[in-house]
Amino acid sequence: MLSHPPRTTTERFQWNSLLVHVCYCLVALVIAAKCARAAEFQVVTYGSDASSSLLSMTGEIRPGDDAKFIALAKTLPPNRMPNWLYTFSNGGDIETALKIGRFLRDKEWQTVLPINGGDPCVSACVLVFAGGVNRIVFQDVGRQRGLAVHRFYFSDLSPGASREDVSRRYRTLKQAIADYLSEMNISQELLTAMESVPPEKVRFLSEEEVDRYRLKGEDAEWNERQTAKQAYMYGVTSAEFRRREAKADASCQMPSAPVGKMPDAAASSKYRNCKESILYQVGVAELEKRQAILRRVGKELVKKTKDEGVLSKCIRAIMVEGRQGC
C-alpha cells in the first residue's frame, strides 16, 4: 500500500532507536561465539515479512574481507529503508576497513554499535563504523563497550627496513586515513586521537569525543539529501521543511514506551497526525480525509507500478494539492 512520505528527522531517530533494541536481540544470538576470530559477517532478517535485513561484523578484519562483505551485502533483498551493519570487531587491517567503509557510504548503509554483546568496536572497526550515513553508538566505557582507538601499526615489518622506507609507508597510511575521514565528514581529530595511544593499548572515546568527531548521528550530506526528498513530498523548500519540522517537534508530544516496545497505537497515530497537520499546513480533519483517499488510491496504484517517481507524484497530488486522485 502507498504510505505517507519518507519519515522526518525526528521520526527517523525514533524508528532507528526502536530498531536498534529489537534488532540487537537478534544479533546477540548470532555473535555469541564469534568474537576474537577472523572477521565474520552474518545476515539477520527482521520485520513481519522478513523484508528488512542487517549484517553483523565480528572478529578481526583481514585483507580480502571487503570482498567477502560486499559479496554478501549484494545478496540482500531490496529494502526501502537503509541497510544496517552492526559492528563488533577488535580491529584489523586498515586498508580493508577503508574499502568496507566506502562501500557503506556509497550504498547508504547505517552503522550501529549497541551497548551490549560482543567485542567493542576498536581501531580499524571505528573507520568502518564511520562509513555509515547514520551512526548509532551507545557508550559504556566502564563495561568496555563503545568505540575505542589506538595508533595504527604494521603487522609484519622487516627488521631490516630503512628509516626512509618505514617513514614513507607510515605517512602513506596516515594520509589514506586522513583522506578517508575527510570523505566521510569525520573530524581529523579522530586521527590525532588514534596516534596518541600506543598500539598495545586501547582508549575508549568519551561521549563528548564521539559527538565532537561527528561519529554519531546522520552525516551532513546525507541529511541534506533526505531533507530535500522530504521537502519535495511536502511541496516546500528544504528551509521551509526544517522550519515546519521544528515547529512540529515543539508542538507534538512524542509517545513514550518501554525500551524495545512499540508505543501505544492510538498515541502514535495522534502524534503522527499532529506532526503531519503542521507539515502539510492543514487541519487534522482535512489531513485524515486526504489520508483516506491516499490509502484507497494508493492500493490500486501500487498494483500497476513500482516507479518511485510516479508514486511520489501521487502522494503530492493528494496530500499537498488536495486532489481526489492521481
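Kindly identify segment 225-326 as rounded, prolate or oblate by the Cα gyration tensor criterion: order the square roots of the eigenvalues as a ≥ b ≥ c, call it rounded if a/c is under 1.5, otherwise compare a/b with b/c, prolate if a/b is larger, else oblate. Please report the intermediate quantities before stating the final value.
Values: a/c = 1.68, a/b = 1.34, b/c = 1.25.
Since a/c reaches 1.5 and a/b is larger than b/c, the shape of segment 225-326 is classed as prolate.
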Practice task
Describe numerically, in nm with one decimal, the distance between label points set 7 Å from Cα along Cα→Cβ at Arg62 and at Ala228.
Solution key: 4.2 nm
Handout entry: Residue-wise HN-Hα coupling along segment 291-304, computed from phi with Karplus coefficients 6.51, -1.76, 1.60 (Hz; x: Gly, Pro)
Key = 4, 5, 5, 4, 5, 5, 5, x, 4, 7, 5, 5, 6, 9
Fill in the blank from the handout: Any residue on another chain or 5+ positions along whose placed amide H is under 5 Å from the amide H of Arg323 is listed here as Ile318
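Just so you know, all these numbers are worked out from the coordinates, no wet-lab data involved. All values reported here derive from a predicted model rather than from experimental measurement. Ideal geometry is used to build each Cβ from the backbone, glycine not excepted, and the neighbour counts take in all protein chains shown.
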